[in-house]
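*Asks:* Below you will find the structure I want to go over with you.
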Ligand SMILES: [Fe+2]
């Protein structure tokens, strides 16, 4: 059977790439430190495959077809199409169709109905953490797209349950495979809103404390109440909640957090201690 060998979370704000040269040296240093340790932990997990949970920023889906959750089951995925992200070295990222299909079948058996796609482009939400953390060579990627972008959203409780289901899918996959889970996005940020650029540091720190200390119900209740006031980008913390669910709600280990005004995002990095 496959082994769940690592669970991780990372912010992915696009200005981490777009505005890198304009950031204050201390901002660059803070991000480099977080990504470097994230990369060290991912590399140490010696992964064959990595399930990456990210939103789709209007690349694959639009208002005419906006799934709540979509699993990429293709042999490969296209690299990021953003014109400012040409430095990303992979135009194709290998997928893992067998594991992806097993995730979908497990989901259906547990009363989830994800959509599936055989052809996805993986935007900056997937690729910034992989690139900045210097994950090389890349494990096979199973993309899971959560709609964190346009309401109505999946509930936090449901995202947590999705993560728990992912862990079950990994552990029941017939194959000698080391599999990781990476949730990307958040923490607080506001994009295209009247308060664009606002970072809600109090929310971010409360959020981290709940990941560290609270049970799943308390964490989800906190987020349902407070996330809507922390900027539309904070919705992406759903992907961290799914990672937390994959870890059974235990072992959250903060790598680092800093509000980075130059990228408009409260940037966080974490992994979960398994055992
Ligand atoms: Fe995003």
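*Asks:* Please specify each residue of the range 1-32 satisfying the condition of being closer than 15 Å to residue 267 by Cα and touching a strand residue (DSSP E or B) at 6+ places or on another chain (Cβ under 6 Å).
*Replies:* Result: 8, 9, 10, 11, 12, 13, 27, 30.
*Asks:* Residues that are out of contact with any helix residue (DSSP H, G or I) (no Cβ under 7 Å at 6 or more places or on another chain), at least 3 per element: which strands (runs of 3 or more DSSP E) completely within the range 22-88 meet that?
*Replies:* It comes to 76-78.
*Asks:* Which of (1) more than 16 Å from the ligand (Cβ to nearest atom); (2) under 28 Å from residue 204 (Cα atoms); (3) surrounded by fewer than 21 Cβ atoms within 10 Å (Cβ to Cβ) is the odd one out, the single condition residue 3 does not satisfy?
*Replies:* Exception for residue 3: condition (2).
*Asks:* Just wondering, is there one or more residues in the range 69-89 that are within 16 Å of the ligand (Cβ to nearest atom), within 25 Å of residue 165 (Cα to Cα) and surrounded by fewer than 18 Cβ atoms within 10 Å (Cβ to Cβ)?
*Replies:* No, that holds for no residue.
*Asks:* I'm trying to understand the selection: among the residues of the range 9-54, which are under 21 Å from residue 102 (Cα atoms) and crowded, with 19+ Cβ neighbours inside 10 Å?
*Replies:* Residues satisfying the conditions are 47, 49, 50, 51, 52, 53, 54.
*Asks:* Taking the residues in the range 39-68 that are under 14 Å from the mean Cα position of the chain (by Cα) and within 16 Å of the ligand (Cβ to nearest atom) as candidates, determine which candidate is farthest from residue 245 (Cα to Cα).
*Replies:* Here the answer is 57.
*Asks:* Could you count how many residues in the range 6-21 are within 16 Å of the ligand (Cβ to nearest atom) and assigned to a helix (DSSP H, G or I)?
*Replies:* Qualifying residue count, the range 6-21: 4.
*Asks:* So residue 162 fits all but one of (1) assigned to a loop (DSSP other than H, G, I, E, B); (2) touching a residue at least 12 places away in the same chain (Cβ under 8 Å); (3) closer than 19 Å to residue 235 by Cβ; what number is the exception?
*Replies:* (1)
*Asks:* Is it the case that residue 220 is more than 26 Å from residue 65 (Cβ to Cβ) and without any contact (Cβ under 8 Å) to a residue 40 or more places away in the chain?
*Replies:* In short, no.
*Asks:* If you take just the strands (runs of 3 or more DSSP E) that sit entirely in the range 92-156, which of them hold at least 3 residues that are within 16 Å of the ligand (Cβ to nearest atom) and in contact with a helix residue (DSSP H, G or I) (Cβ under 6 Å, 6 or more places away or on another chain)?
*Replies:* none
*Asks:* May I ask you to list pairs of residues, at least six apart or on different chains, whose Cβ atoms are under 8 Å apart, with the first in the range 13-27 being more than 14 Å from residue 123 (Cα to Cα) and touching a residue at least 12 places away in the same chain (Cβ under 8 Å) and the second being within 16 Å of the ligand (Cβ to nearest atom) and not in a helix (DSSP H, G or I)?
*Replies:* 23/260; 27/260
Any read-out appearing in this document is the output of simple, stated calculations on the displayed coordinates, not a laboratory observation. Keep in mind the model is a prediction, meaning the values are calculated, not measured. Using ideal geometry, Cβ is built from the backbone for each residue, glycine included, and neighbour counts are taken over all protein chains shown.
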